[in-house]
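Chemist: Next up is a structure, given as C-alpha cells.
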Ligand SMILES: Nc1ncnc2c1ncn2[C@@H]1O[C@H](COP(=O)(O)OP(=O)(O)OP(=O)(O)O)[C@@H](O)[C@H]1O
Ligand SMILES: Nc1ncnc2c1ncn2[C@@H]1O[C@H](COP(=O)(O)OP(=O)(O)OP(=O)(O)O)[C@@H](O)[C@H]1O
Ligand SMILES: [Mg+2]
Ligand SMILES: [Mg+2]
C-alpha cells in the first residue's frame, strides 16, 4: 500500500535524517519503534506530504505524494500528531471531528455520522460541545484519534497514541486498532511502549539513525535483544521475564507465558 | 526529617462542581521516592500543583487544609519562594518550553539565571545535565526544533540543573525511548539517595514498582492507598481504579505465587524471577 524508494531527507544541510531508505507497507498492523530523534515523526510527516523529500519517492496506493494534492492524499492517509496541540484548532469537540470529513467533501450528514461514531469509539461522545482546549492531554489525544478515524482513510498513522493514557485509555486505543483492522485499514503506530507493541502489532520496524535495522514479525524482532539494545529500545517486560528464566521462546503476552510456565511444571 | 506534610487538603478549581483533591493527608520523609498512580482525571497533576503552590496561588479556586513543603506553608508563601525549594517538570513537555529562548542552552540557563547562580557554576551545571539527559549535541538547537522526546529530556534537564531539595515530576518519561526512560529513573533514584525528595506521577508501573519507596493510589481526588509497591500492586481491585499491576505481578497473580513469607506478589523482574526460578523443569 505504501512504497518508499531511495528516500532522503534532512532538516539542515549537514545532518541527514534519512539517506536513501527503502520501505514497503502492507495491511499488517505495524509498530515503528526507535530512539528519541531517530526520525519516526519525520517519516510520518513525509508520508503525509507535510515535509518534502530531498530525493526519492513515496507512493501511497497509486498516488505519488510529491504530485498529489493534499486534499486527495487526505482521503487515503490520516496522521494523528504526536503533539495534539498541533492538530486541534476548532472550539467545539464535534466541529473538530467533523472538519476533516467535510474538508474531503463528505456530505454534512455522512460527516456527522462518522464523527459521532468516532467520538463514541474514543469515549468523548458526551462532550460534543466542549472546547477542545479544556480537555486534558489524554482526552486531546483521543480527540485527535477520533478526528482522523472519522475521515475513514485507508491508512492511519498514530504518532504515540498512548501518551498519558491510563489503563482504560490504552484499552480504547487497543480497541480502535482492532476495529480499524477489521475494516481492513493499514494501522501504523509510532510508539515507545514495548509491552503495548508486543500485544497489538503484527509487524515491528526498528529505526536507528535513519536506517531500518530490524523489520518483520513482532515476535522475531523482539527476539533480537542485542540489536534492540543497540537501537536504545528494549524487549517487552514479559519477553525479559522469559529470557531471565531460560525459556527459548520469545513471549509476547502474559497469557502465553503463564500457559507455557504451567506446562513446564507438569 | 519530614519534607512534605499535607493535612486535610481539599481543593476545587474555579467554576467546577466537585473536589479535585478530597481531604488528603500524608507525610513524606526526606529522600523518599514517591510514585503517584491513578486513572486519568484522578487528581495526580492537581496534587503536584498543590505541592509547588500553583494550587491555589495561580489557579485560585476553593482551598482548605494545609500543605507544608520544606518548612514553608504553601498558603502563606508566593510561588516564587516555594520554587527555590521545589522544582516541577510539567505533564505536557510541549507546554514547558518558555517559548522565548532561541537555544536549548538558553532554555536551561533561564531558571538558573533567575535564582542568581554565578556564571561559571551555571555553565558547569548545564554541561552536567546536558550529558545526563543525552542532549549535549543539541545545545545550540532551537527548542521547538527538537523531537518530542528530546524536548522532554530538556524539560527534565532544566529542573535537575536547579538542584531543588524536592523535585516533582508529572509523567516525565511519557515520550522517552525505553533506554531514556530507564536512565531518567536511575538518575532520579540517585538524587533521592543523595537526600532529594521525589514525587513522580507515572503510568509505567514496572518502573514505579522498581524504583519507588512508596506508591500513592488516587481516585477522584481521594487517596485510596499509600504504601509499599508490593502492597499496592497486590490489591485485587486495581483495575477499578484505572490502573494495572506490573507485568511481573500479573504473571505471579495468575500463577498464585507470592513472595515467600509474605502476603504479597512480586512486583519487579528480580522478585518474579526469584519466585518462578528454579521451578522450571
Ligand atoms: N524542525 C526541525 N529542525 C531541525 N531539526 C529537527 C526538526 N525537527 C526535528 N529535528 C531533528 O530531527 C531528528 C528526528 O526527529 P523526529 O521528530 O523525527 O524524531 P522521533 O524519532 O520522532 O523522536 P521522538 O521519539 O523523540 O519523538 C531529531 O534529531 C530532531 O532533533
Ligand atoms: N485548570 C483546570 N480547571 C478546571 N478543572 C480542572 C483543571 N485542571 C484539572 N481539572 C479537573 O480536575 C480533576 C483532576 O485533574 P488532574 O489533571 O489533576 O488529573 P490527573 O490525574 O493528572 O489526570 P491525567 O492522568 O489525565 O493527567 C479532573 O476532573 C479535571 O477535569
Ligand atoms: Mg516523534
Ligand atoms: Mg495529569
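Please treat every number below as a calculation from the coordinates, not as lab data. It should be emphasised that the depicted structure is a prediction, and the values quoted were computed from it without experimental measurement. FYI the Cβ positions are ideal-geometry reconstructions off the backbone, even for glycines, and counts take in every protein chain you see.
Chemist: Give me the one-decimal nm value for the distance between modelled label points at residue B:127 and residue A:67, 7 Å along each residue's Cα-to-Cβ direction.
Modeler: Between residue B:127 and residue A:67, the label points sit 5.5 nm apart.
Chemist: Using the number of other C-beta atoms within 10 angstrom as an exposure proxy, rank A:203, A:219, B:153, A:266 with the fewest first.
Modeler: A:266, A:219, A:203, B:153
Chemist: Could you list B:21, A:73 so that the one with the fewest beta carbons within 10 Å of its beta carbon is first and the one with the most is last?
Modeler: A:73, B:21
Chemist: Let me ask something else. Calculate for chain A the 222 nm mean residue ellipticity that helices alone would give, adding -39,500 (n - 2.57) per DSSP H run of length 4 or more and normalising by residue count, nearest 500 deg cm²/dmol.
Modeler: Result for chain A: -12000 deg cm²/dmol, rounded to the nearest 500.
Chemist: Set the Förster distance to 41 Å, then compute FRET efficiency between residue B:79 and residue A:266 from the Cβ-Cβ distance, nearest 0.05.
Modeler: That pair, residue B:79 with residue A:266, gives E of 0.10.
Chemist: A follow-up question, please. Pick from A:206, A:244, A:221: which is most flexible by mean-square fluctuation in a GNM of chain A where alpha carbon atoms under 10 Å apart are linked?
Modeler: The residue that fluctuates most here is A:244.
Chemist: Right, next: Under a GNM of chain A (C-alpha, springs under 10 Å), which listed residue has the highest mean-square fluctuation: A:180, A:245, A:46?
Modeler: For chain A, modelled as a Gaussian network with Cα springs under 10 Å, the answer is A:245.
Chemist: In addition: With everything on Cα atoms, drop me the angle between helix A:93-103 and the longest principal axis of chain A, reported from 0 to 90° to the nearest 10.
Modeler: 80 degrees
Chemist: Based only on other Cβ atoms within 10 Å, what is the fewest-to-most ordering of B:228, A:162?
Modeler: The most exposed by this proxy come first: B:228, A:162.
Chemist: Measuring from label point to label point, each 7 Å out along Cα→Cβ, what is the residue B:193 to residue A:6 span in nm?
Modeler: 5.3 nm
Chemist: Follow-up question, since we're still on this one. So between residue A:217 and residue A:15, what do we pick up on full extension, going 0.36 nm a residue minus the alpha carbon distance?
Modeler: Fully extending the segment from residue A:217 to residue A:15 adds 69.6 nm.
Chemist: Please give the average number of partner chain Cβ atoms lying within 10 Å of the Cβ of each residue in A:83-89, rounded to a whole number.
Modeler: Mean shielding by partner chains, rounded to a whole number: 2.
Chemist: Taking a ≥ b ≥ c as the square roots of the Cα gyration tensor eigenvalues, with a/c under 1.5 meaning rounded and otherwise prolate when a/b beats b/c, else oblate, which class fits chain B?
Modeler: In terms of gyration-tensor shape, oblate.
Chemist: What ranking, highest mean first, results for peptides B:256-262, A:138-144 when packing means the other Cβ atoms within 10 Å averaged over each residue?
Modeler: Sorting B:256-262, A:138-144 by mean packing, highest first, produces A:138-144, B:256-262.
Chemist: Could I ask something else about it? Residue A:230 to residue B:62: FRET efficiency via 1/(1 + (r/R0)^6), r the Cβ-Cβ distance, R0 56 Å, to the nearest 0.05?
Modeler: 0.55
Chemist: Give the calculated FRET efficiency between residue A:202 and residue B:15 to the nearest 0.05, with a Förster radius of 56 Å applied to their Cβ-Cβ distance.
Modeler: Result of the calculation: an efficiency of 0.75.
Chemist: Run the numbers for residue B:186 and residue B:257: contour at 0.36 nm per residue of separation, minus the present Cα-Cα distance, in nm.
Modeler: Net length gain for the segment: 22.7 nm.
Chemist: Ranked highest first by average number of other Cβ atoms within 10 Å, how do B:57-70, B:77-90 line up?
Modeler: Top of the packing list down: B:77-90, B:57-70.
Chemist: Given the options B:218, B:123, B:176, state which has the largest fluctuation in a GNM of chain B using a 10 Å cut-off (strictly under) for Cα springs.
Modeler: Result: B:123 has the largest fluctuation of those listed.
Chemist: Let me ask you something else. Across peptide A:162-170, what mean number of C-beta atoms from other chains lies inside 10 Å of a residue's C-beta?
Modeler: 6
Chemist: Related question: Express the Stokes-Einstein translational diffusion coefficient of chain A in µm² s⁻¹, to the nearest whole number, given a Kirkwood radius over alpha-carbon pairs, 25 °C and a viscosity of 0.890 mPa s.
Modeler: The Stokes-Einstein estimate is 126 µm²/s.
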